[in-house]
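Colleague: Structure below; questions to follow.
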Amino acid sequence: LAALERQIFDFLGFQWAPILGNFLQIIVVILGLFGTIQFRPRYIVVYTVWTALWVTWNVFIICFYLEVGGLSKVGHLSFF
């Protein structure tokens, strides 16, 4: 029973992390649009910083899966 419970939580953990990330992305985009329309500088700054982090993360994931620049899915990261 404990093994089955752990499998369920592991499955949900891997599935829910990207969903929560995308949900956060949608919320920040809505706040960014609201901040642009209402000219709220804090919302615009949060949107700009979040977008930079989001793009950086996505570029890293793409490079990791394509094994670009010394990134390798096998064993370890090699930078040289």
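Colleague: If I stretch the segment between residue 58 and residue 39 completely, what's the gain in nm (0.36 nm per residue apart, minus their alpha carbon distance), one decimal? Please list the in-between numbers first.
Modeller: Working: separation 19, 0.36 × 19 = 6.84 nm, distance 2.81 nm.
Full-extension gain reported as 4.0 nm.
Colleague: Working with all protein chains in place, sort 23, 60, 39 by solvent-accessible area computed with a 1.4 Å probe, largest first. Write out the running numbers ahead of the final one.
Modeller: Values: 23 125, 60 80, 39 150 Å².
From most accessible down to least: 39, 23, 60.
Colleague: Can you work out the Karplus-derived ³J(HN,Hα) for every residue in segment 56-69? Use 6.51 cos²θ - 1.76 cosθ + 1.60 with θ = phi - 60°, whole Hz, and x for glycine or proline.
Modeller: Coupling constants for segment 56-69: 4, 4, 5, 5, 4, 4, 4, 5, 5, 6, 8, 6, 8, x Hz.
Colleague: Report the accessible area of residue 51, computed with a 1.4 Å probe over the heavy atoms of all protein chains in place, in Å² rounded to the nearest 10.
Modeller: Taking all protein chains as shown, residue 51 has close to 40 Å².
The values are calculated or read from the model by the stated rules, or taken from the named source; none is laboratory data. Everything quoted here is computed from the prediction, not taken from an experiment. Remember, those area values only see protein heavy atoms, side chains included, never the ligands or the DNA or RNA. Shrake-Rupley method; radii C 1.70, N 1.55, O 1.52, S 1.80 Å.
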